[in-house]
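Next up is a structure, given as structure tokens.
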Amino acid sequence: MTTINILHLYPHEMNLYGDHGNILTLVKRLEWRGYKAKVIPYEPGDPFPRDVDIIFGGGGQDSGQNKIEEDLLEIGPKLKKLVENETPCLVICGLYQLFGRSFKTSDGHLIRGTGILNLETEAGPERLIGNIVINSETFGEVVGYENHSGLTTLDNPEECFGKVVSGAGNNGKDQGEGCFYKNCIGTYLHGPILPKNPKVADFLIEKALARKTPNTKIKLKALDDTIEESAHKSAASRPR
Ligand code: GLN
């Protein structure tokens, strides 16, 4: 039986507003289709796992980002290699920022990032908080919840994950939200994002299976997403 190894980066410090629900969603959607899922929690100083099929990392406070900075820089080249090799990856808010080059916090402190994604973040004058709806070329409407001080600028704004329909997104100005590079999605969408946007979850799963079993044609079994769709609709209809 195929086992998909999910690397969960820094669950202790980087896990806000339901981010852990993304892991549950990946595990369940794999299991419902007869695959096995193994979650590998990774904390600073842990040995870096040899087999990684999906990378996941959540958000965190500035203080949490500070705590993981050194370790993240150390494993950065390994993560970069995985992303460059098209390993599916989802990083939210705090880790999205640190998959970029750096995050300058509101007190002027610079937290260095891995530079896997071509972007930079600097704290703005106010926190951007609330429900968010975006439109992605690949996934259509994607809904979530954002809460960040960081304003993110992409080197290439065309690389964004989606365009903001309502909410702030990367910086509240250029309409861009997140970053989509190879099979790596960086986004500000907490909520958690995957239970309410099963297409995004299945994208990560499909890419992981395709890499794991390159000679097999992957056709994911359809699941009954009635509950997921109604959660999506209800989130999309909530006023900002
Ligand atoms: N500390 C970062 C910020 O405020 C990330 C917050 C988060 O992950 N929700 O921008």
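Using a 1.4 Å probe over the heavy atoms of the protein chains, calculate the carbon and sulfur portion of the accessible area of region 57-172 as a whole percent. Please report the intermediate quantities before stating the final value.
Numbers: 2110 of 4720 Å².
That share works out to 45 percent.
Solvent-accessible area of E141, probe 1.4 Å, all protein chains present, reported in Å² to the nearest ten, please.
90 Å²
Provide, as a two-decimal number, the C-alpha radius of gyration of region 1-46 over 2.2 N^0.38 Å, N being how many residues it has.
Values: Rg = 11.6 Å, N = 46, 2.2 N^0.38 = 9.4 Å.
Normalised Rg, Cα atoms only: 1.23.
Compute the accessible area per residue over region 54-95, keeping the other protein chains in place, probe 1.4 Å, unit Å². Could you put the intermediate results ahead of the total?
On the way: 1480 Å² over 42 residues.
Accessible area per residue: 35 Å².
Arrange the residues K38, K196 by how much accessible surface each exposes, largest first, with a 1.4 angstrom probe. The partial results should precede the final answer.
Details: K38 110, K196 35 Å².
Order by accessible area, largest first: K38, K196.
Next question. Quick one: accessible area per residue over region 158-239, 1.4 Å probe, rounded to a whole number of Å²? Could the numbers behind the result be given before it?
Working: 4110 Å² over 82 residues.
With the other protein chains kept in place, region 158-239 gives 50 Å² per residue.
Which residue, G144, G172, G186, has the most motion in a Gaussian network model of the chain that connects Cα atoms within less than 10 Å?
Result: G172 has the largest fluctuation of those listed.
Based on the mean of other Cβ atoms within 10 Å per residue, sort peptides 90-102, 213-225 so the most packed one is first.
On the way: 90-102: 27.3, 213-225: 9.9.
Taking the mean over residues of other Cβ atoms within 10 Å, the ranking is 90-102, 213-225.
Tell me the volume per residue, in Å³, of the convex hull enclosing the alpha carbons of the chain. Mind dumping the intermediate values first?
On the way: hull volume 26.4 nm³, N = 240.
Each residue corresponds to 110 Å³ of Cα convex hull volume.
At 30 angstrom or more along the helix axis (alpha-carbon based) and mean Kyte-Doolittle of -0.5 or higher, what helices does the chain contain? Whole DSSP H runs only.
Numbers: long enough: none.
Once both thresholds are applied, nothing remains.
Continuing with this model, one more query. If a cysteine in the chain has no other Cys Cβ under 4.7 Å from its own Cβ, put it on the list, ordered by number.
C93, C160, C179
Now for a separate question. Run the helix sum for the chain: -39,500 (n - 2.57) per DSSP H stretch of 4+ residues, divided by residue count, reported at 222 nm to the nearest 500 deg cm²/dmol. Walk me through the numbers before you get to the answer.
Working: 6 runs with 73 residues, N = 240.
Result for the chain: -9500 deg cm²/dmol, rounded to the nearest 500.
Express in whole angstrom the spacing between the alpha-carbon centres of region 1-65 and region 180-221.
Between the Cα centre of region 1-65 and that of region 180-221, the gap is 13 Å.
Which order, highest average first, do 72-82, 229-239 follow once you tally other Cβ atoms within 10 Å for each residue and take the mean per peptide? Display every interim value, and only then the final one.
Details: 72-82: 16.4, 229-239: 13.3.
Highest-to-lowest ranking by the protection proxy: 72-82, 229-239.
Could the peptides 10-23, 41-54, 126-139 be put in order, highest first, of the mean number of other beta-carbon atoms found within 10 Å of their residues?
On the way: 10-23: 20.5, 41-54: 14.1, 126-139: 17.1.
Sorting 10-23, 41-54, 126-139 by mean packing, highest first, produces 10-23, 126-139, 41-54.
Let me know the Kirkwood hydrodynamic radius for region 169-221, please, with Cα pairs as the basis and the value in Å to one decimal. Numbers along the way, then the final one.
On the way: mean 1/r = 0.0777 Å⁻¹.
Averaging 1/r across every pair of different Cα atoms and inverting gives 12.9 Å.
Using only the Cα atoms of region 24-67, each taken as one equal point scatterer with no solvent, compute I(q) by the Debye sum, divide by I(0), and report log10 of the ratio at q = 0.34 Å⁻¹.
With no solvent term, the Cα-only Debye profile gives -1.24.
The values are calculated or read from the model by the stated rules, or taken from the named source; none is laboratory data. The shown structure was predicted, so the numbers you read here are calculated from the model rather than taken from an experiment. So basically every Cβ, Gly included, is an ideal-geometry build from the backbone, and we count neighbours across all protein chains shown. Side chains included, ligands, DNA and RNA excluded: accessible areas come from the protein's heavy atoms. Shrake-Rupley method; radii C 1.70, N 1.55, O 1.52, S 1.80 Å.
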